[in-house]
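Step one of this worksheet: look at the structure below.
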Amino acid sequence: MRHGAKAELTASVAIESAPAPWTGALIPLGGIVFVAVRAATRRVVTAPRWAFCTRCRSLRYLRMAAGFVLIGLMLAFLVVGLDAADTSYAGPAEHRSSWWAFAVALLAGVAGWIILVVSRWQSIARARLSRDGLSVDVRKPSVEFAAAVEAMWAPNTGTLPAVARPA
Ligand SMILES: [Zn+2]
């Protein structure tokens, strides 16, 4: 419902909570600490049949393709870097300098990883679980999505907890 277009497919979407702001303060302590605390504090719900239109599917495949191309670039530049770092390399001396190849590999790897993260259905749906795990927030919902949520919950106001709300 990101585009307000007709739903063409549904997918099972694992929706996780955003990291608490204070966990960002752990990043200077090292990635491992952050990842461990994040794993311990995050919540996940699975929406078994979230609706997507064909544009959502194209967007997902486009991002996945871009992500894998970048990961491929990372591997290619790692090979170039390792090859150039080889002291028995017989080619011109200036080709032996490998730091730039490793730098490009690092950049491509980070960019590819980020793009693969946003290619997940959760990111395509712009859905996020609230930190208390009780509601799902949809960022920038289409008018049609907001209307559908309103219509779904209006008769039940006060009797059921809201499971989806436009943020
Ligand atoms: Zn869509």
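Checking ASP83, ASP132, ASP137 one by one, the residue that is over 30 Å from PRO21 (Cα atoms), acidic (Asp, Glu) and modelled with pLDDT under 95 is ASP83 and no other.
Applying the condition of being in contact (Cβ under 8 Å) with a residue 40 or more places away in the chain and out of contact with any Lys or Arg (no Cβ under 8 Å at 6 or more places or on another chain) to segment 15-54 and asking which residue is surrounded by the fewest Cβ atoms within 10 Å (Cβ to Cβ) yields VAL44. In the set (1) touching a residue at least 24 places away in the same chain (Cβ under 8 Å); (2) part of a helix (DSSP H, G or I); (3) of a type in the set (Gly, Ala, Ser), ALA65 fails one condition alone, (1). Checking ARG2, ARG63 one by one, the residue that is modelled with pLDDT under 90 and either under 28 Å from ALA147 (Cβ atoms) or within 16 Å of the ligand (Cβ to nearest atom) (or both) is ARG2 and no other. Close Cβ contacts (under 9 Å, 6 or more residues apart or on different chains) running from residues in segment 105-125 that are touching a residue at least 12 places away in the same chain (Cβ under 8 Å) to residues that are of a type in the set (D, E, K, R) and outside any helix (DSSP H, G or I) comprise GLN122/GLU16; GLN122/ARG128; ILE124/ARG2; ALA125/ARG2.
The values are calculated or read from the model by the stated rules, or taken from the named source; none is laboratory data. Just so you know, these numbers come straight off a predicted model, no measurement behind them. So basically every Cβ, Gly included, is an ideal-geometry build from the backbone, and we count neighbours across all protein chains shown.
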